[in-house]
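The values are calculated or read from the model by the stated rules, or taken from the named source; none is laboratory data. The shown structure was predicted, so the numbers you read here are calculated from the model rather than taken from an experiment. Because the Cβ atoms are built from the backbone with ideal geometry, glycine has one as well, and the counts that use them run over all protein chains shown.
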Amino acid sequence: MAPLDVLAVASEIFPLIKTGGLADVAGALPGALAAEGVAVRSLVPGYPRVLDALDGGVAVASLNDLFGGAAHIVAAHASGLDLFVIDAPHLYARDGDPYRGPGGGDWADNAFRFAALSRVAVLLAQGLVDGYRPDVVHAHDWQAGLAPAYLHYAGAIEPATVMTIHNLAFQGQFPAYLLSSVGLPEEAFSIQGVEYYGAVGYLKAGLQFADRITTVSPTYAAEIRTPAGGMGMDGLLRARADVLSGILNGIDTTVWDPATDRHLVATFDADRLALRAANKAALQDRFGLRRDPGTLLFGVISRLSAQKGIDLLLAALPVLLDGGGQLVVLGSGDASLEAGLRAAAGPDVNAHIGYDESLAHLIQGGCDALLMPSRFEPCGLTQLCALRYGALPVVAHVGGLCDTVIDANEMALAAGIGTGFHFAPVQAEMLAAAILRALAVWRQPDVWRGLQRNAMQTDVSWRRPAAQYAALYRELSRATTPHTVIARSEATKQSR
Ligand code: ADP
Ligand code: GLC
């Protein structure tokens, strides 16, 4: 099969810069696609941490004015990724995370910082760099949403575009008066354009103009077409349902491998499950909990936000503790949730407020069950890691959690196919019931071990999803090759 070139556009990429699962996906998918004959170049903003991580790097193009300053486009390799990096100090050379300053508020010029990302994507798509012309531009989340719109208003029919929704809660809305400053024509300000509830909507723009829309699980692809799950975009997504599909995320199974994980106290695999005990003991020590191998230790690794249902967990905590469980939490986010978790600390529950990659691995390798009481979850990656590490996921029956965890109900237990526990509706009482169900199975060690083995055998790699993305790209690039365009016009002639 002919190799295919894809330009992936993302505002974060693991291991260079990460605030959430988007970075994991952007960082792992290119490697998996290489095995499918797809060459991915990833375009990312040149935040200080990204520039520092580059292995060399060559300026392959310069722009005199990229929204208020000069920029160099640097081609570089880092951590196995082929990158184009936008070195534009006026936009990206600052402390803080990709979206917010040290004070916690969004950067005031985010409209320009991410319009620049899309602008450069389109310039690259149209031949800015000699010898490089991608077949497909793949835009991730609102930060890349203007790319399909810029191509549309430039009258370009190629390259083809894919817009992936990682989280519909983040939509990138900016005041209408910025329309022309971000390089969009007046006509774009309409329902058929980028207008969204009186503002310029970057995600809306991408959803309106991309050739194909994907999201990160089949169930979320269905949920977002409903008023309950669509966050205001459901009408548009219903109208574009014929080009919308769900492709599950995978995880990087070399980064997340319990047999080789250097963050663990003891490595293990499905045949040497007893070795997990050393990680559990280390985790109990690290969080100052009673060291007891017989207690069911629940873990959480999460952004602390309403999405993730951490308030439900706080409400269900008495049931967890009365039932004889323990809980460790790693996360940061909403101040009230952080305070609630701190206040709950005791001999059987404790939280580490912060972001800690290494501790996340130890929790996966040491806890017995991983809780994800999400109100909505486009895909979720932590439950995939948990499956691979034999920590049974206890999950809300929503989005990608439905698609990746098999509930150990009576029939699944009888058939020997369960990998975790689901609960619905997403309420504290139902979470508490699922926790009790997990505690009941925990008292049957052979059954628990069987579920752990099932979980660890689940294919959570990028193999299947990468093949699905590759098929999508190929279908699109066939549809936009000049050859097909001629064939299309010939067909029109014949039908006249
Ligand atoms: P989301 O992107 O909505 O936050 P995902 O489950 O898709 O959720 O991805 C979250 C990613 O971030 C996972 O790789 C998870 O391990 C990691 N993560 C989340 N919170 C922390 C934390 N406090 N410390 C370390 N890693 C974290
Ligand atoms: C988002 C979603 C999460 C998903 C991740 C990567 O942050 O909240 O469910 O796994 O993106 O696609």
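Quick look at the numbers
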item: Among the residues listed as Leu81, Leu63, the single one being under 21 Å from Gln126 (Cα atoms) and at pLDDT 95 or above; result: Leu63
item: Test result for Val162, farther than 18 Å from Ala8 by Cβ and among the β-branched types (Val, Ile, Thr); result: no
item: Residue within the range 457-474 that is surrounded by fewer than 15 Cβ atoms within 10 Å (Cβ to Cβ), modelled with pLDDT under 95 and part of a helix (DSSP H, G or I) present; result: no
item: Residue ID - modelled with the highest pLDDT, chosen from residues in the range 1-30 that are small (Gly, Ala, Ser) and more than 16 Å from ligand 1 (Cβ to nearest atom); result: Ala8
item: Test result for Gly183, assigned to a loop (DSSP other than H, G, I, E, B), assigned by TED's automatic domain parsing to the domain that holds Ser477 and within 16 Å of ligand 2 (Cβ to nearest atom); result: no
item: Qualifying position, being surrounded by fewer than 23 Cβ atoms within 10 Å (Cβ to Cβ) and under 23 Å from Arg474 (Cβ atoms), among Asp234, Asp211; result: Asp211
item: Filter result for Leu327 (surrounded by 24 or more Cβ atoms within 10 Å (Cβ to Cβ) and more than 15 Å from ligand 2 (Cβ to nearest atom)); result: yes
item: Listing of strands (runs of 3 or more DSSP E) fully contained in the range 45-122 that carry 2 or more residues being within 18 Å of Ala10 (Cβ to Cβ); result: 71-78, 81-87
item: Count of residues meeting criterion [at negative phi, buried (at least 23 other Cβ atoms within 10 Å of the Cβ) and not aliphatic (A, V, I, L, M)] in the range 281-312; result: 5
item: Enumeration of residues in the range 372-427 that are farther than 18 Å from His166 by Cα, part of a helix (DSSP H, G or I) and free of Cβ contacts under 8 Å to residues at least 60 places away in the same chain; result: Glu410, Met411, Ala412, Leu413, Ala414, Ala415
item: Candidate set from the range 353-363 (those that are of a type outside the set (Val, Ile, Thr) and more than 8 Å from ligand 1 (Cβ to nearest atom)); member that is surrounded by the fewest Cβ atoms within 10 Å (Cβ to Cβ); result: Ser358
